[in-house]
Amino acid sequence: MDLTIHNTFLPHNDNDASLAFYRDILGFEVRNDVEWNGLHWLTVGPPDQPGTSIVLYPPAAQPGMTDEERRTVGEMMAKGTFASINLATKDLDDTFGRLQAGDAEVVQEPTDQPWGIRDAAFRDPAGSTIRIFEVK
């Protein structure tokens, strides 16, 4: 099988805040900005990886969700327990400094984990955890 990761989905509830975080702080390019049927989603990704994207979608876009489920998702997003993604960088300290300077919400400063990884974590404007691993 020849499979690659094309995109992943993270919820968002504020287009402007999401653009400011993913485009202006993380440096991702905006690949798609779509308004359709009362919904608005964005597709972003690293400029040097055109085949890999993050789709930032409004939770209300999921078909079949009840109002109660939407409320639950909203509560989980507010607590930062609904969604996460792992990114990688060659220089965690530099990346951490740039994110911190951009006023990203720090969850965990760069840490050497007992399982051999060095990582840090932030929250995006919707509460999703963005964990960044250092890869050499």
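Values in this text are rule-based calculations from the coordinates and carry no lab data. Predicted model, so just to flag it, every value in this text is computed and none were measured. We place every Cβ from the backbone using ideal geometry, glycine too, and count neighbours over all the protein chains shown.
Structure above, values below:
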| read-out | value |
| --- | --- |
| Rounded Å value of the spacing that divides the Cα centres of the stretch 1-28 and the stretch 59-136 | 11 |
| Label-point separation, D94 to M76 (7 Å along Cα→Cβ), nm | 3.6 |
| DSSP bridge orientation in the chain - percent antiparallel, rounded to nearest 5 | 65 |
| 3J(HN,Hα) from dihedral phi, the stretch 21-27, Karplus parametrisation 6.51/-1.76/1.60, rounded to Hz, x for glycine, proline | 6, 6, 7, 7, 8, 6, x |
| Expected 222 nm ellipticity per residue - DSSP helices of 4 or more, -39500 (n - 2.57), all of the chain, to 500 | -6000 deg cm²/dmol |
| Extended-chain gain in nm, criterion 0.36 nm per residue less alpha-carbon gap, D24 and D67 | 12.2 nm |
| Angle in degrees between helix 67-79 and the longest Cα principal axis of the chain, rounded to the nearest 10 | 20 |
| Reported label for calculated Rg and Dmax of the Cα atoms in Å given [x] 14.4, 44; [y] 15.5, 48; [z] 20.7, 70 | [y] |
